[in-house]
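Undergrad: I have a structure here, written as structure tokens, and I will follow up with some questions on it.
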């Protein structure tokens, strides 16, 4: 253990007098650099975690973990196939779906959209939709002439609940005069807002019966959406489903459908970790430079201490305490700042937006309508441990150099 004498001398050296003020300033900048580096790393990693978590939750909440497609393009005996899939261990739910690309128009605008035909009872069980209805009610969703659309799509079209929306299919009806676009008007029963821009601005839900009539799929669906007990087990569940269906369907899991996107997020996360680690590394080099200057400035003091009986170990510990104190205080301050900022990042964003009058997190660009952050305790421990380790390593050479100071040489040049 370090003795009280060593602590007293180390703390005295950190409180430089006026003529030594430059060294103290470098030490303070080192402390600030460590704190900002640790805080920035915690904040950025938390935001990246939150971004991935929110995207994964919304994408899988709306699309399912697995999709079963027919070998011929559509599924005709879908209810029997759905019942077979439901019996497989690990399968939570199976939902028949009709999917199709359309153009939606209103008197004010026109946009492309994705139509999904689902049974009303199935969409009421889909929490990500049922719990995020912002206008209207799902009780009105049913029959042959109602639809459910995203709030941003309604905003772009200038429509609201009860208004009429026209749906135009690129696959028209063949007549004696050529192909005529297939179009039909539907009444908006409700608006949903799940918080992901892509879905809120381009998805339209239609009752199953109405979708079968519109897309001319009588008694058939496009695919089955399957929810399993855990997203990471989707490939294994997919193999079990394929075996149970005996080749009557093609299986696609969420990892195949979104692999490039989530791989890009992971690569970006790793690169950001490496780049921001350099901030802590630069601050550690500042500790080295400030301690080397301190050792040079305190050469006479070191020599006097040695002649009074201080051992090389005591001298080394004095400067270890001085340098490590800067790193420890900086790391603790960075930990407190980073976790506090990450835990309140959405409130801070809203405050800055209100103060500056600018939008800092546009949903059109970043997919999500809010800034997410998920603090991973293991990552925080890793960052704090890295900050402490680099700070400690930065003190070794200057401390060793101080311990190697020759008292006779130091006093001779004073």
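Undergrad: If residue 219 meets every condition in (1) at positive phi; (2) in contact with a strand residue (DSSP E or B) (Cβ under 6 Å, 6 or more places away or on another chain) apart from one, which number is that one?
TA: (2) is the only condition that residue 219 fails.
Undergrad: Give 210, 190 a once-over and let me know the one that is touching a helix residue (DSSP H, G or I) at 6+ places or on another chain (Cβ under 8 Å) and either crowded, with 17+ Cβ neighbours inside 10 Å or under 30 Å from residue 320 (Cα atoms) (or both). Quick ask: steps written out before the conclusion?
TA: Numbers: 210 fails: touching a helix residue (DSSP H, G or I) at 6+ places or on another chain (Cβ under 8 Å).
Within the list 210, 190, the selection yields 190.
Undergrad: Might you let me know whether the range 384-392 holds any residue that is modelled with pLDDT under 80 and either surrounded by 13 or more Cβ atoms within 10 Å (Cβ to Cβ) or within 30 Å of residue 57 (Cβ to Cβ) (or both)?
TA: Within the range 384-392, not a single residue is modelled with pLDDT under 80 and either surrounded by 13 or more Cβ atoms within 10 Å (Cβ to Cβ) or within 30 Å of residue 57 (Cβ to Cβ) (or both).
Undergrad: When you go through 95, 84, 40 one by one, which is the residue that is modelled with pLDDT of 85 or more, under 16 Å from residue 345 (Cα atoms) and in contact with a helix residue (DSSP H, G or I) (Cβ under 9 Å, 6 or more places away or on another chain)? Outline the logic, then answer.
TA: Details: 95 fails: under 16 Å from residue 345 (Cα atoms); 84 fails: under 16 Å from residue 345 (Cα atoms).
Being modelled with pLDDT of 85 or more, under 16 Å from residue 345 (Cα atoms) and in contact with a helix residue (DSSP H, G or I) (Cβ under 9 Å, 6 or more places away or on another chain) holds for just one of 95, 84, 40, which is 40.
Undergrad: If the Cβ limit is 7 Å and pairs must be 6+ apart or interchain, which residue in the range 239-250 that is within 15 Å of residue 72 (Cα to Cα) pairs with which residue that is modelled with pLDDT under 85?
TA: Correct list of pairs: 248/71; 249/70; 249/71; 250/71.
Undergrad: Which members of the range 176-216 meet the condition of being in contact with a strand residue (DSSP E or B) (Cβ under 8 Å, 6 or more places away or on another chain) and on the phi > 0 side of the Ramachandran plot?
TA: 195
Undergrad: Can we say residue 16 is assigned to a helix (DSSP H, G or I), in contact with a helix residue (DSSP H, G or I) (Cβ under 9 Å, 6 or more places away or on another chain), at pLDDT below 85 and under 26 Å from residue 286 (Cα atoms)?
TA: Working: assigned to a helix (DSSP H, G or I): no; in contact with a helix residue (DSSP H, G or I) (Cβ under 9 Å, 6 or more places away or on another chain): yes; at pLDDT below 85: yes; under 26 Å from residue 286 (Cα atoms): yes.
Spelling it out, it is not the case that residue 16 is assigned to a helix (DSSP H, G or I), in contact with a helix residue (DSSP H, G or I) (Cβ under 9 Å, 6 or more places away or on another chain), at pLDDT below 85 and under 26 Å from residue 286 (Cα atoms).
Undergrad: All but one of (1) in contact with a helix residue (DSSP H, G or I) (Cβ under 8 Å, 6 or more places away or on another chain); (2) more than 23 Å from residue 217 (Cα to Cα); (3) surrounded by fewer than 14 Cβ atoms within 10 Å (Cβ to Cβ) hold for residue 137; state the number of the condition that does not hold.
TA: Evaluating residue 137 over (1) in contact with a helix residue (DSSP H, G or I) (Cβ under 8 Å, 6 or more places away or on another chain); (2) more than 23 Å from residue 217 (Cα to Cα); (3) surrounded by fewer than 14 Cβ atoms within 10 Å (Cβ to Cβ) leaves (1) as the failure.
Undergrad: Let me ask another. Regarding residue 380, is this residue surrounded by 14 or more Cβ atoms within 10 Å (Cβ to Cβ), modelled with pLDDT of 80 or more and within 19 Å of residue 52 (Cα to Cα)?
TA: Values: surrounded by 14 or more Cβ atoms within 10 Å (Cβ to Cβ): yes; modelled with pLDDT of 80 or more: yes; within 19 Å of residue 52 (Cα to Cα): yes.
Yes, satisfied.
Yes/no matrix, rows are residues, columns are (1) farther than 21 Å from residue 59 by Cβ; (2) under 36 Å from the mean Cα position of the chain (by Cα); (3) at pLDDT below 90:
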| residue | (1), (2), (3) |
| --- | --- |
| 106 | yes, yes, yes |
| 140 | yes, yes, yes |
| 143 | yes, no, yes |
| 147 | yes, yes, no |
| 150 | no, yes, no |
| 172 | yes, no, yes |
| 195 | no, yes, yes |
| 199 | no, yes, yes |
| 202 | no, yes, yes |
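Undergrad: Could you list, in sequence order, the residues of the range 306-353 that are without any contact (Cβ under 8 Å) to a residue 12 or more places away in the chain and more than 26 Å from the chain's Cα centre (by Cα)?
TA: 308, 309, 310, 311
Undergrad: Output the number of residues of the range 302-313 satisfying the condition of being out of contact with any helix residue (DSSP H, G or I) (no Cβ under 6 Å at 6 or more places or on another chain) and either surrounded by fewer than 18 Cβ atoms within 10 Å (Cβ to Cβ) or not in a helix (DSSP H, G or I) (or both).
TA: Residues meeting the conditions: 6.
Undergrad: If you check 250, 237, which single one turns out to be surrounded by fewer than 17 Cβ atoms within 10 Å (Cβ to Cβ) and touching a strand residue (DSSP E or B) at 6+ places or on another chain (Cβ under 6 Å)? First the steps, then the outcome.
TA: Details: 237 fails: surrounded by fewer than 17 Cβ atoms within 10 Å (Cβ to Cβ).
Of 250, 237, the one residue that is surrounded by fewer than 17 Cβ atoms within 10 Å (Cβ to Cβ) and touching a strand residue (DSSP E or B) at 6+ places or on another chain (Cβ under 6 Å) is 250.
The values are calculated or read from the model by the stated rules, or taken from the named source; none is laboratory data. Computed from a predicted structure; not experimentally measured. Cβ atoms come from the backbone with ideal geometry, glycine included; neighbour counts cover every protein chain shown.
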